[in-house]
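Take a look at the structure set out below.
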Amino acid sequence: MKFLNLLLLAIPISLALKLLNYSPVLLFVAAGLSIIPLAGYMGKATEEIAIYVGPRIGGLLNATFGNAAELIITVFALKAGLVEVVKASITGSIIGNLLLVLGLSMLLGGFKYKTQKFNRAAAGMHTSMLLMAVTGLIIPAVFLNTHTNPAAEPLSLGVAAVLMLVYLLSLIFSLHTHKDVFRPSQEHSETPNWSKLRALLTLLIATVFVVLESEFLVGGIEPVVKTLGISELFIGVIVIPIIGNAAEHSTSVIMALKNKMEISLEIAIGSSTQIALFVAPLLVFLGYFMGRPLDFLFTSYELIVIIMATVITAIISMDGRSNWLEGAQLLSAYAIMALAFLFV
Amino acid sequence: MKFLNLLLLAIPISLALKLLNYSPVLLFVAAGLSIIPLAGYMGKATEEIAIYVGPRIGGLLNATFGNAAELIITVFALKAGLVEVVKASITGSIIGNLLLVLGLSMLLGGFKYKTQKFNRAAAGMHTSMLLMAVTGLIIPAVFLNTHTNPAAEPLSLGVAAVLMLVYLLSLIFSLHTHKDVFRPSQEHSETPNWSKLRALLTLLIATVFVVLESEFLVGGIEPVVKTLGISELFIGVIVIPIIGNAAEHSTSVIMALKNKMEISLEIAIGSSTQIALFVAPLLVFLGYFMGRPLDFLFTSYELIVIIMATVITAIISMDGRSNWLEGAQLLSAYAIMALAFLFV
Amino acid sequence: MKFLNLLLLAIPISLALKLLNYSPVLLFVAAGLSIIPLAGYMGKATEEIAIYVGPRIGGLLNATFGNAAELIITVFALKAGLVEVVKASITGSIIGNLLLVLGLSMLLGGFKYKTQKFNRAAAGMHTSMLLMAVTGLIIPAVFLNTHTNPAAEPLSLGVAAVLMLVYLLSLIFSLHTHKDVFRPSQEHSETPNWSKLRALLTLLIATVFVVLESEFLVGGIEPVVKTLGISELFIGVIVIPIIGNAAEHSTSVIMALKNKMEISLEIAIGSSTQIALFVAPLLVFLGYFMGRPLDFLFTSYELIVIIMATVITAIISMDGRSNWLEGAQLLSAYAIMALAFLFV
């Protein structure tokens, strides 16, 4: 966290750049850097509040605001009409969590411990939930890509409703009917470190700044595309997910270094599942009400990288053990997929 | 079964509608409803006869006539030239068995028992057989979809021959060389409840009526499409498989409620395998001799839903345990896939 | 090996045919047959030398020259500008190793032993390595097939570099950091049977003849296509991989007959992994320097058969046991895929 705090310096820099109306590209960079620690504080504060309100509502809070920073960025992108960027960032979050976060965790954890073991049954449960979430997310795109009809919007809304329902059911499952199954892995924060007031204030202030910086960031996408020649798609698939999830990533790596690979897996897979079941359908609903219709019509390439990242994670996590080479392989899969997006 | 018996009342109603030449849409509905209990009686009678003739020929009978009702419906559809409906119903049977039947079984079973366990090894064997059956079924379509040549018919015939051969080999495997592996799960009917005569007569009468009602049903497809605005594809993918398999579905759910999830899995996966290895190739051969060439050229969407349903089932059944949420997830995957077919 | 030695007679025959400039089709056949035992001698000699130079460099030798015969054939094909044949033979090697070799091993092994068991963990590790290798190999093709841009060459070179890096890392893993995990399965050749001189001479002579016969073989592709009406694609996918890997195939089957299914699996999966991580990227680099640019732009059909063969192998090997039916199913999957290539 200490290193990340340095990035908070990007906040005054971004404000100065905005006031001076200087370089939009630099503003994009500063805003992006500043969101990284802010997202971390949002997550930390949510966890602290979650402890005060008890396991049930706390679990709900954690589950709902786990990807809050990313949600804020994508809402601004949606407002700005950057529909393709929003869809690309959904793809990028899923493959980033599965390949980059998990890969880095397994690689660095594997340097320290020869073989890291984790509960196969728990991993299997998370994986099958992820698989179904992903299936739900991509089925409409597969359908729309292979049929020529203009019903993308009603179909996407219908599917979003089903996904959201599954999300609610999975909350009932993990917080109510089967809460004992999920208990052990949430032991990493059971007594609050912060006072209630500090947690609430931190959440409030961090959120306000994330909103502000997200607006700067999204405003800078077009200038960055024009000036640096990077495609919108690349920003959506690679840059936004890394910014939005960096704090979470570091937690996952830290857990791997503590030989708690189970928590790393849970963070990576759980976060991807949440993107598919909660963030994506919510964006479809918001888009509908904002007059910026967002459909689930991902490109074939996006579909296939999502499927492959999911299957790889399933296969890797099924044997209940990891090592540095598996981490390197996940990272190389990420590198190859990212390389392709660079060539658009 | 008692509730299903009420549906037998649909037989006289369908006959009356036919004689009065009244509403073809109502005739479609009545015929469809009447097939549900009839298919159940066909299955029950076959099981009873199977006990009399001994495990080997009995196993053959069960394996061959397990999807007889659906086969009869699709043969009539083929005769009527509704080739797309036939192919859609092959797809629909596979995803219906895997997602709808298994989903409903796991959901309702999961309401009664917190976690249901089943033999992982047996499930794995059924699953890998399903996976290969599905691979064989879809390879020609994948090939034909990605190459422009008119060899669909000879290729489909060749592949049908290979699939049928694998089917025969799998019968030799399960009824002869490895019959002990499959024994335990077939314990649910070891002494006959019916006399030989009753079983034979029931089979005969039920089959005659299924043939009759199938003709009514298929004759009603066109009027239903015109009047109600439902697509042929939807009837093929959703309606026909539900009608043809409803009795089997109820057995699967009953077994889940008795905490015999292994039998539910076997019914759902076994039935799908049989569709791919026996019903589909048989229809290709019959189509060839009837002058109604049926090829394995499924649409890309059909291919992908078949693959995804198979992979989901494989992942779910691999951990050897199920709960209500997994059931709900399978059902939601089915709902999303069906939703898409509605929008054609 | 004794039967294979008979095929050495094809060497003088091929030389005579070449000198007499007789039938290029017969020359193709003779050259193909002669490569089968020569590839076997190359493999055997490499293994013997590997024992002399110690486990680490020996492992490196085995890993690098394991597919040497096939590499030589494809380099000649590349030199002759037969880029599609080269790509097809990469596909064919992967599916041939996974479906044909493993299928034959499981079928014949299964005739002798009712159920053959193997270490699930080791199989899982090989499989996940295969899965990632395949992912890396196909991602560029998926990308290029779904986007219209001419960056196939730089993307393929970049991906080849990443794959080669993963290959080096996997060597470090298996020969250095985790060498104990891989040890037990390499016990099949621990003391040399040949003198150092004999091994070196055999390797040298066999390699020289493989080079010669490969040139004859490649030179005969065009006449064979014209005369026999077989497509180039079929030669690339089916004929070349069988010729290049036949010796390895027979080792795999022999191990299955000795109930050492683990070694069969390792040969089949390991060889496929090596094709994806080492042979394919090496060919891309060689093509670049030879002015015969080879890209990773496989056809959709090639992609899908590679994916399906990989997934089937993963599912089959996950349960840690095999039987004759699984072998028959793998072979039938191979037959169906090959059938489709015949119809091009």
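The values are calculated or read from the model by the stated rules, or taken from the named source; none is laboratory data. All values derive from a computational prediction rather than experimental measurement. Every residue, glycine among them, receives a Cβ derived from its backbone with ideal geometry; neighbour counts consider all protein chains shown. The accessibility values were calculated without ligands, DNA or RNA, using every heavy atom of the protein model including side chains. Shrake-Rupley method; radii C 1.70, N 1.55, O 1.52, S 1.80 Å.
What net charge do the residues around A:A30 carry, taking every other residue with its C-beta under 10 Å from that of A:A30, with Lys and Arg at +1 and Asp and Glu at -1?
Net charge around A:A30: 0.
Taking a label point 7 Å from Cα toward Cβ, how far is B:F111 from its twins in the other copies, in nm, shortest first?
5.3, 5.3
Between C:L165 and C:L201, what length in nm is gained on full extension when 0.36 nm per residue of separation is reduced by their alpha carbon distance?
Computed gain between C:L165 and C:L201 is 9.8 nm.
Give the distance, in whole Å, between the Cα centre of the stretch A:297-323 and the Cα centre of the stretch A:108-182.
12 Å
Would you please classify the overall shape of the protein assembly as shown from the alpha carbon gyration tensor, given that a ≥ b ≥ c denote the square roots of the eigenvalues, rounded means a/c under 1.5, and beyond that prolate means a/b larger than b/c while oblate covers the rest?
In terms of gyration-tensor shape, oblate.
Taking B:K117 as the anchor, which aspartates and glutamates have their alpha carbon closer than 15 Å to its alpha carbon, excluding any fewer than eight residues away along the same chain?
Filter leaves B:E262, B:E266, B:D319, B:E326.
C:S174 accessible area, nearest 10 Å², 1.4 Å probe?
30 Å²
Quick one: pull the percentage of alpha-carbon pairs in the stretch A:2-342 with a separation above 28 Å.
Counting pairs separated by more than 28 Å, the tail of P(r) holds 41 percent.
If you place +1 on the Cβ of every Lys and Arg, -1 on the Cβ of every Asp and Glu, and leave all else neutral, what size is the dipole of the stretch C:2-342 about its Cα centre, to the nearest 20 Debye?
Here the size comes out at about 680 debye.
Rounded to the nearest 10 Å², what accessible area does B:W324 have for a 1.4 Å probe in the complete protein model?
Number for this one is 20 Å².
Stretched out fully, how many nm does the piece from A:L257 to A:E84 gain, at 0.36 nm a residue minus the Cα gap?
My answer for the length gained is 58.7 nm.
For B:E222 and B:S23, calculate 0.36 nm times their separation in residues minus their Cα-Cα distance, and state this gained length in nm to one decimal.
Residue separation times 0.36 nm, minus the Cα-Cα distance, leaves 70.4 nm.
Give the value in nm², to one decimal: projected area of the alpha carbon convex hull of the stretch A:69-217, averaged over all directions.
Answer in nm², one decimal: 12.8.
Starting from the Kirkwood Rh over alpha-carbon pairs, what translational D in µm² s⁻¹ does the stretch A:98-163 have by Stokes-Einstein at 4 °C and 1.567 mPa s?
The Stokes-Einstein estimate is 87 µm²/s.
List the pairs from C:K114/C:K179; B:K44/B:K196; B:K179/C:K112 whose alpha-carbon separation is above 21 Å, in the order I gave them.
Pairs exceeding the cut-off: C:K114/C:K179.
If you take every residue apart from B:S322 with its C-beta less than 15 Å away from the C-beta of B:S322, what net charge results, scoring Lys and Arg +1 and Asp and Glu -1?
+3
Under 27 Å from the Cα of C:K18, which lysines turn up, not counting those fewer than eight places away in the same chain?
Result set, ordered by chain and number: C:K2, C:K79, C:K226.
Dipole size in debye (nearest 20) for the protein assembly as shown around its Cα centre, Lys and Arg Cβ +1, Asp and Glu Cβ -1?
1800 debye
With a/c under 1.5 counting as rounded, go ahead and sort the stretch A:1-51 into rounded, prolate or oblate using the C-alpha gyration tensor (a ≥ b ≥ c being the square roots of the eigenvalues; past the cut-off, prolate if a/b is larger than b/c, else oblate).
Judged from the Cα gyration tensor, the stretch A:1-51 comes out prolate (a/c at least 1.5, a/b above b/c).
In square angstrom, what is the accessible area per residue of the stretch C:2-342 with a 1.4 angstrom probe?
The answer is 38 Å² per residue.
What's the longest bit of chain A with no exposed GluC sites (Glu not before Pro), using DSSP loop states and at most 14 other Cβ atoms within 10 Å as the test?
Formally, the longest exposed-site-free interval is A:1-186.
For B:Y288, B:Y334, give the ranking by accessible area with the largest first, probe 1.4 Å.
B:Y288, B:Y334
Roughly to the nearest percent, how much of the accessible area of chain A is carbon and sulfur, given a 1.4 Å probe?
68 percent
Out of residues 5 or more away from C:F298 or on other chains, whose amide H comes under 5 Å of its own, with H placed 1.01 Å from N in the peptide plane?
Amide H neighbours of C:F298: C:A141.
Give me the dipole magnitude in Debye, nearest 20, for the stretch C:1-136 about the Cα centre, with unit charges on the beta carbon: positive for Lys and Arg, negative for Asp and Glu.
Here the stretch C:1-136 has a charge dipole of around 380 debye.
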